[in-house]
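Student: Once you've had a glance at the structure underneath, I'll fire off some questions.
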Amino acid sequence: MRSVQRVPGRQRAPKQPRQFNSETAVIDGITFDSLTEGAYYVHLKKDQSIKLIEVQPEFQIIKPYKVACKRCAGTGRRPSPKTGNPINCTLCHGQQWREKAGAIYTADFRVTYFDGYVEIIDIKGGPVGRDFSLRKKLFEKKTGMELIVIRLKNKEWVRE
């Protein structure tokens, strides 16, 4: 077991929470992740120039991919722990490769206007997670569309 040495005079920064507690909201039979998201949905419904509002559309930002199995080093076989004879790897099932799921980004809204313009919107009611900027960049690179981040500040919807 390793011991951790502390530098005198330096304090460890307090850990930031990864998830933020927010109340869910149900409006028109749709469950929203936060009250802010639900309030923005009501705001969108009032806009006469909107043709369609899609809630929580999903976008595949990284396709499924394969990696060499770490247990058998990509051979598909490994020695049996009991006999030492080669057996199929139980992690990759003798395929030599493991399938990874990729990544899906779920936005809050996809808004289609009557003129055909489409916006992808993400509502932020509090601080964003550490990985949000990377997910936003991956989404924009993959789709070629700008992800619009909207916050409620002083009772006004502000685009960032």
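Student: Identify, by number, the condition in (1) among the hydrophobic types (A, V, I, L, M, F, W, C); (2) on the phi < 0 side of the Ramachandran plot; (3) assigned to a loop (DSSP other than H, G, I, E, B) that A73 doesn't meet.
Tutor: So A73 meets the others, but not (2).
Student: Consider A103 against the criteria (1) under 16 Å from the mean Cα position of the chain (by Cα); (2) within 26 Å of V42 (Cα to Cα): it satisfies all of them except one. Which criterion is unmet?
Tutor: Evaluating A103 over (1) under 16 Å from the mean Cα position of the chain (by Cα); (2) within 26 Å of V42 (Cα to Cα) leaves (2) as the failure.
Student: Ok, one more. Could you list all residues from region 125-145 that are small (G, A, S) and either over 12 Å from the mean Cα position of the chain (by Cα) or more than 22 Å from L35 (Cα to Cα) (or both)?
Tutor: First, the residues of region 125-145 that are small (G, A, S): 125-126, 129, 133, 144.
The answer is G125, G126, S133, G144.
Student: Here is a follow-up. Which pairs do you get when a residue that is surrounded by fewer than 18 Cβ atoms within 10 Å (Cβ to Cβ), found in region 101-124, comes within reach of a residue that is hydroxyl-bearing (S, T, Y) and part of a loop (DSSP other than H, G, I, E, B), reach meaning Cβ atoms under 9 angstrom, with the pair 6+ apart or on two chains?
Tutor: Y113/S49; F114/S49; D115/S49
Student: With H43, H93 as the choices, which residue is surrounded by fewer than 15 Cβ atoms within 10 Å (Cβ to Cβ) and touching a residue at least 60 places away in the same chain (Cβ under 8 Å)?
Tutor: Just one listed residue meets the conditions, H43.
Student: Any chance you could count how many residues in region 101-139 are assigned to a loop (DSSP other than H, G, I, E, B) and in contact with a Leu (Cβ under 9 Å, 6 or more places away or on another chain)? Break it down into steps so the answer makes sense when it comes.
Tutor: Step one: filter region 101-139 for residues assigned to a loop (DSSP other than H, G, I, E, B), giving 101-102, 107-108, 114-117, 125-131.
Next cut, in contact with a Leu (Cβ under 9 Å, 6 or more places away or on another chain) only: 107, 125.
Within region 101-139, residues that are assigned to a loop (DSSP other than H, G, I, E, B) and in contact with a Leu (Cβ under 9 Å, 6 or more places away or on another chain) number 2.
Student: Looking at E37, E58, which one is charged (D, E, K, R), touching a strand residue (DSSP E or B) at 6+ places or on another chain (Cβ under 6 Å), assigned by TED's automatic domain parsing to the domain that holds K124 and surrounded by 12 or more Cβ atoms within 10 Å (Cβ to Cβ)? Spell out the reasoning first.
Tutor: On the way: E58 fails: surrounded by 12 or more Cβ atoms within 10 Å (Cβ to Cβ).
So the residue among E37, E58 that is charged (D, E, K, R), touching a strand residue (DSSP E or B) at 6+ places or on another chain (Cβ under 6 Å), assigned by TED's automatic domain parsing to the domain that holds K124 and surrounded by 12 or more Cβ atoms within 10 Å (Cβ to Cβ) is E37.
Student: Sticking with this one: Kindly evaluate F139 against the criterion of being exposed (fewer than 12 other Cβ atoms within 10 Å of the Cβ) and in contact (Cβ under 8 Å) with a residue 40 or more places away in the chain. Outline the logic, then answer.
Tutor: Details: exposed (fewer than 12 other Cβ atoms within 10 Å of the Cβ): no; in contact (Cβ under 8 Å) with a residue 40 or more places away in the chain: yes.
No.
Student: While we're on this one: Which of the residues that make up region 23-54 are outside any helix (DSSP H, G or I) and closer than 16 Å to Y117 by Cα?
Tutor: Narrowing region 23-54 to residues outside any helix (DSSP H, G or I): 23-34, 47-54.
Within region 23-54, D47, Q48, S49, I50, K51, L52, I53, E54 qualify.
The values are calculated or read from the model by the stated rules, or taken from the named source; none is laboratory data. Just so you know, these numbers come straight off a predicted model, no measurement behind them. Glycine also receives a Cβ, built like all others from the backbone with ideal geometry; neighbour counts cover every protein chain displayed.
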